[in-house]
Protein chains: 2
Amino acid sequence: MCELFCNSGRQDLYSVQCSLRRKSMKVRFSVISFVPPGTSIAVVGSLPELGSWKVSECPSMSPSSPPKSMEPSFWSADIAVDDLSVPFEYKFVRKTNPSANWEWEGYGSHDNRKWDGKEMLSTPASEQDVKVFDGVFLLPPTHFMESQGMSEYSHTTRFYNSVKERNDMHYNRVSDNLWVGSCPRSRRHIEKLRDELKVTCLLNFQTHEDAKNNFPDPEHFPEWDKRTPQVIYDLFKEYSLAYVWIPTTDMSTQDRANMLPQAAFILGALIQNGHAVYVHCNAGVGRSVAAACGFLCYCLNHPVRLVHHMMCSSRPVAYFDEAALRAGRSDFQVKYGDVYRRLHEDGQKRNCFLSAGG
Amino acid sequence: MCELFCNSGRQDLYSVQCSLRRKSMKVRFSVISFVPPGTSIAVVGSLPELGSWKVSECPSMSPSSPPKSMEPSFWSADIAVDDLSVPFEYKFVRKTNPSANWEWEGYGSHDNRKWDGKEMLSTPASEQDVKVFDGVFLLPPTHFMESQGMSEYSHTTRFYNSVKERNDMHYNRVSDNLWVGSCPRSRRHIEKLRDELKVTCLLNFQTHEDAKNNFPDPEHFPEWDKRTPQVIYDLFKEYSLAYVWIPTTDMSTQDRANMLPQAAFILGALIQNGHAVYVHCNAGVGRSVAAACGFLCYCLNHPVRLVHHMMCSSRPVAYFDEAALRAGRSDFQVKYGDVYRRLHEDGQKRNCFLSAGG
């Protein structure tokens, strides 16, 4: 995964509170954008630290991995801000090659992003979802506002259709033993999972209908009615891969919230049992991302905003369903909280449990 | 649950092997039958210990709980057999009141049950599913052969239809914190679970279609299309009951085998986390019984035949899907085995994990 989160664990709450009382601190700006290789992205704004609206003087951002065509990339910059109690405005700008002009996001000044100067002071001490990690205040990852009015949804659809058309499998590593991606579509993909990625277990959130549409072995079962769930179970058995299937309806925050406690608990147990897990749904954007976030949030106890950064920086196409993640948290706690905590502590004692950093 | 299993845990393999080499030992005969209150059941056979085919001299059996009309009861007798290497034959007999004649099961001598004298010696040392518990050799529970040709399936259907017609909920306690039963059909049932049984969590294996047909709150949602899964989630939330739903197709050993590792693992974690769990499907006969058996077998490590006895003696209407139970075992081991073992050991150290005996 991205190096941003490799060097330390979660801060204790005390040091976070101290940080929040400081007016001066680093702020992580981050943005996700569909851009071709060779692109630059920067953040420009009203503060001197942000170039006082001059693109020639504003700080540039770095991608978590080099941009590729047909998929989004995640860009970030840590900027030291002198006084965070002062309101300011900002925007992201990009140029696709060094000699091009900077393209501003949105339509004009009414699309400016705003920092009201109050957030630092308004975070209560009891708020678990602290926003500071490793001494840096994390602004939520956002998407570059396309001037052509391209929506996030159409971006994701464009990405997924391109994966599907190429009969491809698209994935990212989120931590040492955790991959999130699109469904395997062929025996070649299954072999790749096992032999290249060293995956030992798959966790699937497709509905049975989804799985029929995106069948992992179409050559042997061209007929629709022979593409049964059992054939898929048998297929993974043939490759000696453990397989957990939790069918979940797509595009539904409510269904994800219902699925999340079980999914996160099972995923945590598989990883703690030494498995390298490939979590997938259709595109590896919604349901599987939610499950991986549930694991990071409920099992490893990372704050929600940190999980948002971890997920988007390692898999920029991820859709972060914060509502589902928050809704499932207390349910996880009631069902498995204490037992998972003990399991985790035991694992740490034995030094066999992996940190989220890769 | 039945007192048969309260007094000790699993024997170690060495003492079991010693037992198996002994020719003389107690044998537990057990039979399940639909009989009215006031019935007696006995086992009669060719051995002197079994009355030498004379019903006046054969040993009587005891029910695990008093028989009720419209549901089966479980009967057993522990008989000391002098030499188990000698083949013998036997049958179950019953009479519905003390002055009635004994009714013999089946049609005639070709329906005799047979002990070939070889089973005691043919159990290999490596066989995990030992058949001796607490010094008693457990014969598998069986069903009284109805002379009218009534099948086990029609018995179960008769039981379930009677529960459904009475708009009832039928359940049994399998261990301290584990109940197995039919689906709740009304708010009154949910209140009963919470307030009388002190249940804190439900684990449901109905399909969504099953749940629509057997809706727990029909008064508020008489319209079919408003009986959504989400309404059920919200209903249990209203009663502050934790709720896990693992939809599983009925009447399918394969689907049960696929579901079992996850179901057993989750059930074990819920119980270890202090929950009192009500496991249900439609009738509480197939899928929910399988899940409870999975917990007893994979999590508590009880041998398959003991689990068969535990389940049928506590819930005589249970259908024991041994094929699914055996098929899911190695899958459970691969996915969660080591992590569950550590969890269990930790629980035992803290003295907070329940034994299967009630």
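The values are calculated or read from the model by the stated rules, or taken from the named source; none is laboratory data. Everything quoted here is computed from the prediction, not taken from an experiment. Backbone-built Cβ (ideal geometry, glycine too); neighbour counts: all protein chains shown.
Structure above, values below:
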item: Looking only at the stretch A:213-230, and only at residues there that are more than 11 Å from chain B (Cβ to nearest Cβ) and not in a loop (DSSP other than H, G, I, E, B), the one that is nearest to the chain's Cα centre (by Cα); result: A:ASN213
item: Any pair with Cβ under 8 angstrom, 6 or more apart, that starts in the stretch A:213-231 at a residue that is without any contact (Cβ under 8 Å) to a residue 40 or more places away in the chain and ends at one that is assigned to a helix (DSSP H, G or I) and surrounded by fewer than 17 Cβ atoms within 10 Å (Cβ to Cβ); result: A:PRO216/A:ARG187; A:ASP217/A:ARG187; A:ASP217/A:VAL231; A:GLU219/A:ARG187; A:PHE221/A:VAL231; A:PRO229/A:HIS208; A:GLN230/B:GLN254
item: Residue selected from the stretch A:122-162 under the condition within 16 Å of A:LYS23 (Cα to Cα), surrounded by 14 or more Cβ atoms within 10 Å (Cβ to Cβ) and over 20 Å from the mean Cα position of the chain (by Cα), by the criterion modelled with the highest pLDDT; result: A:GLY135
item: Single residue of B:LEU235, B:LEU270, B:LEU306 found to be within 14 Å of chain A (Cβ to nearest Cβ), farther than 30 Å from A:ALA276 by Cβ and touching a residue at least 40 places away in the same chain (Cβ under 8 Å); result: B:LEU235
item: Matching residues, the stretch A:181-212, being among the hydrophobic types (A, V, I, L, M, F, W, C) and within 14 Å of chain B (Cβ to nearest Cβ); result: A:VAL199, A:CYS201, A:LEU202, A:LEU203, A:PHE205, A:ALA211
item: Verdict on A:ARG256 being farther than 21 Å from A:ASP331 by Cα and buried (at least 20 other Cβ atoms within 10 Å of the Cβ); result: no
item: Subset of the stretch A:187-201 that is out of contact with any helix residue (DSSP H, G or I) (no Cβ under 6 Å at 6 or more places or on another chain) and of a type in the set (A, V, I, L, M) - its residue that is nearest to A:ASP176 (Cα to Cα); result: A:LEU197
item: Qualifying residue in the stretch B:238-245 (condition: surrounded by fewer than 18 Cβ atoms within 10 Å (Cβ to Cβ), among the acidic types (Asp, Glu), under 19 Å from the mean Cα position of the chain (by Cα) and assigned by TED's automatic domain parsing to the domain that holds B:TYR336); result: no
item: Test result for B:TYR340, in the same structural domain as B:ASP210 (by TED's automatic domain parsing) and within 10 Å of the chain's Cα centre (by Cα); result: no
item: Filtered residue count, the stretch A:173-205, keeping only those that are modelled with pLDDT of 95 or more, on the phi < 0 side of the Ramachandran plot and either more than 18 Å from the chain's Cα centre (by Cα) or hydroxyl-bearing (Ser, Thr, Tyr) (or both); result: 19
item: Near pairs, Cβ below 8 angstrom, 6+ apart or cross-chain, from the stretch B:176-201 (over 12 Å from B:HIS280 (Cα atoms)) to any residue that is of a type in the set (Asp, Glu); result: B:SER186/B:ASP217; B:SER186/B:GLU219; B:ARG187/B:ASP217; B:ARG187/B:GLU219
item: Residues of the stretch B:273-303 classified as away from chain A (no Cβ under 14 Å), in contact with a Ser or Thr (Cβ under 6 Å, 6 or more places away or on another chain) and assigned to a loop (DSSP other than H, G, I, E, B), total; result: 4
item: The stretch B:58-92, subset assigned to a loop (DSSP other than H, G, I, E, B) and charged (D, E, K, R), residue nearest to the chain's Cα centre (by Cα); result: B:GLU71
item: Qualifying residues in the stretch A:304-319 (those that are surrounded by fewer than 22 Cβ atoms within 10 Å (Cβ to Cβ) and of a type outside the set (D, E, K, R)) - the one farthest from B:LYS237 (Cα to Cα); result: A:TYR319
